[in-house]
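Below is one structure, written out as structure tokens; the observations come after it.
The values are calculated or read from the model by the stated rules, or taken from the named source; none is laboratory data. Keep in mind that what you see is a predicted model, and the values were worked out from it rather than measured. No Cβ is skipped: glycine too gets one built from the backbone with ideal geometry, and neighbour counts run over all protein chains shown. The protein model used for the area step is the full one, side chains on, heavy atoms only, and it has no ligands, DNA or RNA in it. Shrake-Rupley method; radii C 1.70, N 1.55, O 1.52, S 1.80 Å.
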Amino acid sequence: MLPASLDEAVEALAATPAAVPVAGATDLMEAVNAGRLRPAALIGLGRITELRGWRYEDGGTAVLGAGLTHARMDRPDFAALIPALADAARTAGPPQVRNVGTLGGNIATAAPAGDTLPVLAALEATATLARPGATREVPVSHLLTGLDPLRPGELLTWVRVPLLHAPQVFLKATGRSGPARATASVAVVLDPARRAVRCAVGAVAPVPLRPLEAETWVASCIDWDGSREIDPAATAAFGEYVAAACVPDSYAAEGPWEAVTEGPTAAAVRLRRTVSVLARRALGRALK
Amino acid sequence: MTSPSDIAAMPPADNARPDGGDGEQPEPFGLGSSPLRTDALPKALGIYPYASDLWAEGLLWGAVLRAPHPHARILSVDTSAALALPGVRAVVTADDLPAGPDGGHDGAPHGPVVADRPILAAGVVRHHGEPVAAVAAEHPDTARLAAALIVVEYELLEPVTDPEQSFTAPPLHPDGNLFRHLPLRTGDPEAVGEVVVEGLYQVGRQDPAPLGAEAGLAVPRPDGGVELHLSSTDPHGDRDRTAACLGLEPDRVRLVVTGVPGATADREDLSFQVTLALLALRTGRPVKMTLTREESFHTHTTRHPALLRYRHHADAEGRLVKVEAQILLDGGAYADVSAEALAAATAFSVGPYVCPNVFVDAWAVRTNNPPAGRMRGEGALQTCFAYESQLDQLAVRLGLDPVEIRRRNALATGDSMPTGQAVTCPAPVTALLDAVASEPLPALPVDDPDADWLLPGGPGGAGDPASVRRGIGYAVGMVHMLGAEGEDEVSTATVRVSGDHATVICAAVDSGQGFATLARQIVQSVLGVSEVYIAPVDSDQSIAGPSARGRHTWVSGGAVERAALMVRHQLLQPIAANFGMSVELLSIADGKITSYDGVLGMPVGEALEGKELWATAQCRPHPTEPLDEAGQGDAFVSIAFCAMRAVVDVDIELGAVRVVDVTVAQDVGRALNPRQIEDRIEAGVAQGVGLALLEDLRTEGGLLVNPSLTGYRLPTALDTPEVRIAALLEERDVVATFGAKAVSAAPAVVAPAAVAAAVRAATGLPVGRLPIRAEDAVSA
Ligand SMILES: Cc1cc2nc3c(=O)[nH]c(=O)nc-3n(C[C@H](O)[C@H](O)[C@H](O)COP(=O)(O)OP(=O)(O)OC[C@H]3O[C@@H](n4cnc5c(N)ncnc54)[C@H](O)[C@@H]3O)c2cc1C
């Protein structure tokens, strides 16, 4: 099925609950090819042009279509609006994948290493879920943790992101120079209106983690009224704080091929080091 | 009689060499030029047919059931549910293969050297993913479903996964756990040097990861035989072994070679093709099978993981006094070519250096890990990493420049290797080193601050210029060409001329290495005709041997050249007789025969008078001998050398490494096709960089952990460096065909050592294992 409008898609999905929506198919086809998924029917979202762009609401919010591709989010006009999301989209796989892979697909797949996810968590984004005749608004983090998951027959249509008009950074560590999934990623966004720093760490746990205490502490170290300067020692301490909060002592790299021969503590030490460097660099760049 | 040296009288080798000159260039022609590969365009356009594109009317689909355990006894196999599934046409197990010598079903074991690997596991499973049963069905999904319905009852056995435990573990196979122990002893064991350095080195498991997974089609023949369409790189060997496993005469099996989708090692997986043939014979219908990527990782052989302990003694000037080493190769579950890889590891354990006293013990052992086999520079690569790391350590200890310590010890033509074999071929080790060392270094970010600098971690990555350190490392290495230790090397080729074109019939498979292009160039040079057709390969042609060990340029190129020279003689002899001059005074160029004085000028087509001329010739290089119990002997036909300088940037906080530039100087004997050589060098460097930084097929308790292209990280374009060729040294190897040396393996052997040296230089860390993990490169 290839509905041409959002309403048609929502109706189609309600009419055939066994059908699976498909956007860029970069995750879906991988599951089909590996024999993990045999969808009874597919509902292609590619023709719904309204979902491929964004609009503004109340002056302070961007409403992003679930069909926005990573390649589109990486373009300068979008990067000026939500820099960290553009950073994440820029590194979310090779160009062929980013040309078709979408924001909605990234959220619905909810992979631990999904690159937009820590950014959405740090931005405290919400998602609109649509059924025929009804929509509901759910924080993206609740979707991801399963606190309030996507229900059968529901379509993810929009993602609401506050426009903060301040620096934000997403950094990702991979084991290589070519495109790769994150071994750890960090998003840092500044919210000057609320004098807040928000941070989320991706890929180290099934869902992005927010080091709330570290956020509060570091916000108090910033000179918000002046040039937003910070003592470099505080930036470094922030890195350590974030790492300690997000990587438990008992961390064992259960990712299938990460450090299978090492004991958990060594793995935790290494991952903390990586997260700490990323968080320090991200905050440093945001405050530069 | 003409002899190979007559090639000198042929059209000059430097005709139409593409040296950057633009404008109207004549079509590249003959040896020394760089014509476009005939398969390049179809491959780029996606219209080149591979085995997975094959189709036959009424075909069935095959699927294999693989063992989920690394070591287990098979108590029972129940195929009834699979057979009952509608659409299933056959289910086969070890019991369907011919019985062994003692009448029991042993799974028809086979192997390139020792027949120890069953086609389908019989009684015991010895590695994760070993085939246990196979199905043929009307639809691929039915076949896979049926395979999953086969019930196998296993009794789990303790897997032996640490090669060091293999010596004392109970035998995993009736042949025992030791594939080979090779001691090498030469000189004075009591010799001591003024400085001593020791090191322990580890090399992980690299997979050939061919672009196309294993695929093939088997078609039953009316005479009870079978025709196999496969991307084989050894059509005759594969035919013979398939026939033997099926209990058929070799002429009942015909092997047709389809497009090879990547082979940097043996592509042949005998279990795959014998199972396919068995299913076709069983059902009387064509059967097609295409493995999934995961199965592909489970089934083909990998590079040998290695553990190497070294102790180097040197005098105060840095000259080597004594080298002691213990080398352990993990051969995995079956023997394959482990014995041969061990010979290379042992013979080249000191590297391209002179050392009077060498004491090495090397072992290749059986474990329950994936079987290891042939892969560019098997054995030579692992030791190169170790001996070059040792030389770096010595250089640091003695305060010497890494290039200088290598110069002081460099092997030269006429020197002896630790095996006692004198190096009679060119060994331009010093010249290679000098060539890479004198190339200008790549620019630093400070030289060009406005450029978009690619930091370790890649574009949009987390790289921070303040934490990036640059490192420069050098390495030299060596690898042998052709089969070693007494292996019979031979190839046969037929050349035909008719009208204005020539045809080459030679069963040397172009596995991507470019042999078809080379054969065309050879015939062009000898016969002066530009249109040369290379016949597709099948096993009805004469034997040419496997596409491995850098042998086809030499043996098959030699056979093509001889056959072409014989045709040339047949063509010119009557004309020469007619004009009362000797054949040597005639030459052929641009499809025309001309005499030395220009008086005679006759198109080849006219000279043929409508006839076809055929000739068949063989090439068989001089024999070698096995290494004896002290590791002594003339085991190798010839050796190729290569030097590299790697430049890396390391983010010392995150351990991310980017290889910026690799500069290569290689001993090629003679550059028969410069562009193809550069391609081979780039490919070798890419594979070497992959092993150095990314590629590692991991196992945990014998179970494959990352058998996918997401988990197994192949280098992408961004991971591969700029490759610069500082020199292709053309010192002819007088015994080799055209004086040329094989080019593919040497760069793969040296690149990992060079990258490791550069990371060491950037971080000051020891870097003792490959691939280098991020935590091994964190020094801040
Ligand atoms: C080679 C490769 C590299 C990759 N690298 C990265 C990477 O570095 N970082 C990263 O984050 N991801 C990566 N990915 C994963 C993937 O590209 C992203 O997750 C992408 O955002 C998925 O989007 P899609 O449109 O292709 O989703 P699809 O595959 O079309 O869909 C994925 C899932 O989401 C559901 N879905 C899609 N749209 C909706 C909707 N509107 N409402 C409800 N459900 C929906 C589908 O039903 C399906 O279950 C990579 C993938 C590949 C193949």
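Rundown of residues vs (1) under 28 Å from B:PRO771 (Cα atoms); (2) of a type in the set (S, T, N, Q); (3) touching a residue at least 12 places away in the same chain (Cβ under 8 Å); (4) not in a helix (DSSP H, G or I), yes/no style:
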position: B:CYS245; (1), (2), (3), (4): no, no, yes, no
position: B:VAL256; (1), (2), (3), (4): no, no, yes, yes
position: B:SER271; (1), (2), (3), (4): no, yes, yes, no
position: B:ALA277; (1), (2), (3), (4): no, no, yes, no
position: B:ARG282; (1), (2), (3), (4): no, no, yes, no
position: B:LYS288; (1), (2), (3), (4): no, no, yes, yes
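Could you tell me whether A:LEU6 is more than 12 Å from the ligand (Cβ to nearest atom) and in contact (Cβ under 8 Å) with a residue 24 or more places away in the chain? When the stated conditions are applied, A:LEU6 does not pass them. For beta carbons closer than 6 Å, sequence separation of 6+ or different chains, a first residue in the range A:18-32 that is within 14 Å of chain B (Cβ to nearest Cβ) and a second that is part of a helix (DSSP H, G or I) and near the ligand (Cβ under 6 Å from one of its atoms), the qualifying pairs are A:THR26/A:VAL97; A:ASP27/A:GLY105; A:ASP27/A:THR109.
The listed residues are B:THR663, B:THR710, and the only one of them that is of a type in the set (S, T, N, Q) and in contact with a helix residue (DSSP H, G or I) (Cβ under 6 Å, 6 or more places away or on another chain) turns out to be B:THR663. When each of B:GLY471, B:GLY463 is tested for being open to solvent by less than 40 Å² (accessible area, probe 1.4 Å), within 14 Å of chain A (Cβ to nearest Cβ) and closer than 28 Å to A:LYS172 by Cα, the lone residue that passes is B:GLY463.
Against the test of being among the aliphatic types (A, V, I, L, M) and surrounded by fewer than 22 Cβ atoms within 10 Å (Cβ to Cβ), the options A:LEU155, A:LEU171, A:LEU150 yield a single qualifying residue, A:LEU150. For the range B:704-741, a residue qualifies if it is within 13 Å of chain A (Cβ to nearest Cβ), in a strand (DSSP E or B) and crowded, with 19+ Cβ neighbours inside 10 Å, and exactly one does: B:LEU704. For B:PRO12, the conditions (1) modelled with pLDDT under 85; (2) open to solvent by less than 40 Å² (accessible area, probe 1.4 Å); (3) closer than 30 Å to B:VAL567 by Cα all hold with the exception of (2).
Here B:ARG397, B:ARG374 are screened, and the one residue that is modelled with pLDDT under 95 and not hydrophobic (A, V, I, L, M, F, W, C) is B:ARG374. Summed over the range B:331-355, the residues that are of a type outside the set (Gly, Ala, Ser) and in contact with a Leu (Cβ under 8 Å, 6 or more places away or on another chain) give a count of 7.
Note on the range A:47-160: enclosed strands (runs of 3 or more DSSP E) holding 3 or more residues that are within 12 Å of the ligand (Cβ to nearest atom) and not assigned by TED's automatic domain parsing to the domain that holds A:GLU213 are A:126-131. Which residues, taken from the range A:3-46, are open to solvent by 20 Å² or more (accessible area, probe 1.4 Å), closer than 22 Å to A:GLY133 by Cβ and assigned to a loop (DSSP other than H, G, I, E, B)? Across the range A:3-46, the qualifying residues are A:ALA4, A:SER5, A:THR16, A:PRO17, A:ALA18, A:LEU45. Of the residues screened, B:LEU217 is not one that is open to solvent by less than 20 Å² (accessible area, probe 1.4 Å), within 30 Å of the chain's Cα centre (by Cα) and within 13 Å of B:VAL274 (Cβ to Cβ). Residues of the range A:185-195 that are within 14 Å of chain B (Cβ to nearest Cβ) and either within 13 Å of the ligand (Cβ to nearest atom) or open to solvent by 20 Å² or more (accessible area, probe 1.4 Å) (or both): A:SER185, A:ALA187.
Only residues that are assigned to a strand (DSSP E or B) and closer than 24 Å to A:ARG270 by Cα were counted in the range A:178-211, giving 11.
Filtering the range A:161-184 to residues that are within 12 Å of the ligand (Cβ to nearest atom) and of a type in the set (Ser, Thr, Tyr) leaves A:THR174, A:THR183. Looking across the range B:147-167, the residues that are away from chain A (no Cβ under 14 Å) and more than 19 Å from B:SER338 (Cα to Cα) come down to B:LEU149, B:ILE150, B:VAL151, B:VAL152, B:GLU153, B:TYR154, B:GLU155, B:LEU156, B:LEU157, B:GLU158, B:PRO159. All of B:ARG675, B:ARG670, B:ARG680 fail the test of being more than 25 Å from B:GLY458 (Cβ to Cβ), in a loop (DSSP other than H, G, I, E, B) and away from every other protein chain (no Cβ under 11 Å), apart from B:ARG670. Considered as a group, the residues in the range B:742-769 that are buried (at least 24 other Cβ atoms within 10 Å of the Cβ) and within 14 Å of chain A (Cβ to nearest Cβ) include one that is farthest from B:CYS425 (Cα to Cα), and that residue is B:VAL759. Looking at the structure I just gave you, is B:ALA577 without any contact (Cβ under 8 Å) to a residue 12 or more places away in the chain and either under 30 Å from the mean Cα position of the chain (by Cα) or open to solvent by 10 Å² or more (accessible area, probe 1.4 Å) (or both)? The answer is yes for B:ALA577. Mind listing whichever residues of the range B:220-254 are under 21 Å from the mean Cα position of the chain (by Cα), open to solvent by less than 40 Å² (accessible area, probe 1.4 Å) and not hydroxyl-bearing (Ser, Thr, Tyr)? Hits for the range B:220-254 are B:LEU230, B:ASP234, B:PRO235, B:HIS236, B:GLY237, B:ASP238. The set of residues from the range B:295-323 being surrounded by fewer than 24 Cβ atoms within 10 Å (Cβ to Cβ) and out of contact with any Pro (no Cβ under 9 Å at 6 or more places or on another chain) comprises B:ARG309, B:TYR310, B:ARG311, B:HIS313, B:ASP315, B:ALA316, B:GLU317, B:GLY318, B:ARG319. Each residue in the range B:686-703 was checked for being at the interface with another protein chain (Cβ under 9 Å from one of its Cβ atoms) and touching a His at 6+ places or on another chain (Cβ under 8 Å), and 1 pass. Considering the range B:584-623, the residues that are among the hydroxyl-bearing types (Ser, Thr, Tyr) and open to solvent by 20 Å² or more (accessible area, probe 1.4 Å) include one that is nearest to B:GLY558 (Cα to Cα), namely B:THR616.
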